[in-house]
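Student: The following block contains the structure, expressed as structure tokens.
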Amino acid sequence: MTSDENSVWTIGPADGELLLHTGVAGRAARMGHRLTIAMTRWRATVRWADFRPDSAELVVETDSFEVLRGDGGVKGLSGTEKALVRSNALKSLSASRFPEIRYTTDVIEEADDGYRLTGTLEIRGKSRDHVIEVHTEDLGESWRMSVESTIRQSDYGIKPYSLLMGSVQVADEVSLTFSAVRAQDN
């Protein structure tokens, strides 16, 4: 992956998608939905130096998510239930107090099929070290980037939502997937 010697890439929702995938836990887990949630307002910035990525930052607006679907469960997820999921998640994330989720790199290293980013993830005012593997693919005129990463909600002070006295819960670990296509600089 190459870019101008000292260029800056800005990547956003027009270039790709940032999805959150939840699981279900508890005695009655099969009654719950595994959710797919799209983050709709985000911006990734990659700074290049000497033809290699030097720093990267991802900023997500906490309240910018849309529940796309709920797999499993006793019945499909209705529009009203999607709105309730969103409302509960905004409360859990304290979105009004913490309007952004941010990931900032400290180190970027080349890896076999892309780059390893070591940095800090901040959610709900709590920061933790987090490593992300970015897979890259040369498509000729553009580059495809993809990430799959797991985050434990409780590490950031988030209490996973539950109902039926805890017999159905959102699993503590959630999966984040990112994919984007960026035109190569000429």
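The values are calculated or read from the model by the stated rules, or taken from the named source; none is laboratory data. Quantities reported herein were computed from a predicted structural model and do not represent experimental measurements. With ideal geometry, Cβ positions are generated from the backbone for all residues, glycine too; neighbour counts draw on all protein chains shown. These accessible areas exclude ligands, DNA and RNA; they are computed on the full protein's heavy atoms, side chains included. Shrake-Rupley method; radii C 1.70, N 1.55, O 1.52, S 1.80 Å.
Student: Taking Asp63 and the conditions (1) open to solvent by 40 Å² or more (accessible area, probe 1.4 Å); (2) touching a strand residue (DSSP E or B) at 6+ places or on another chain (Cβ under 8 Å), which numbered condition does it fall short on, given that it satisfies the others?
Tutor: Result: Asp63 passes all but (2).
Student: Only one residue in Leu117, Leu77, Leu121 is over 16 Å from Leu18 (Cβ atoms) and not charged (D, E, K, R). Which one? Quick ask: steps written out before the conclusion?
Tutor: On the way: Leu117 fails: over 16 Å from Leu18 (Cβ atoms); Leu121 fails: over 16 Å from Leu18 (Cβ atoms).
Leu77 is the lone residue from the list that is over 16 Å from Leu18 (Cβ atoms) and not charged (D, E, K, R).
Student: Given region 76-186, what strands (runs of 3 or more DSSP E) lie entirely inside it while holding 1 or more residues that are open to solvent by less than 60 Å² (accessible area, probe 1.4 Å) and at pLDDT 90 or above? Show your work before the answer.
Tutor: Working: elements: 100-111, 114-123, 126-138, 142-152, 168-170, 173-183.
Counting at least 1 such residues, we get 100-111, 114-123, 126-138, 142-152, 173-183.
Student: Give the residues of region 56-98 that are of a type in the set (Ser, Thr, Tyr) and more than 15 Å from the chain's Cα centre (by Cα), sorted by residue number.
Tutor: Restricting attention to region 56-98, the residues satisfying the condition of being of a type in the set (Ser, Thr, Tyr) are 62, 64, 78, 80, 87, 92, 94, 96.
Ser78, Thr80, Ser87, Ser92, Ser94, Ser96, listed by residue number.
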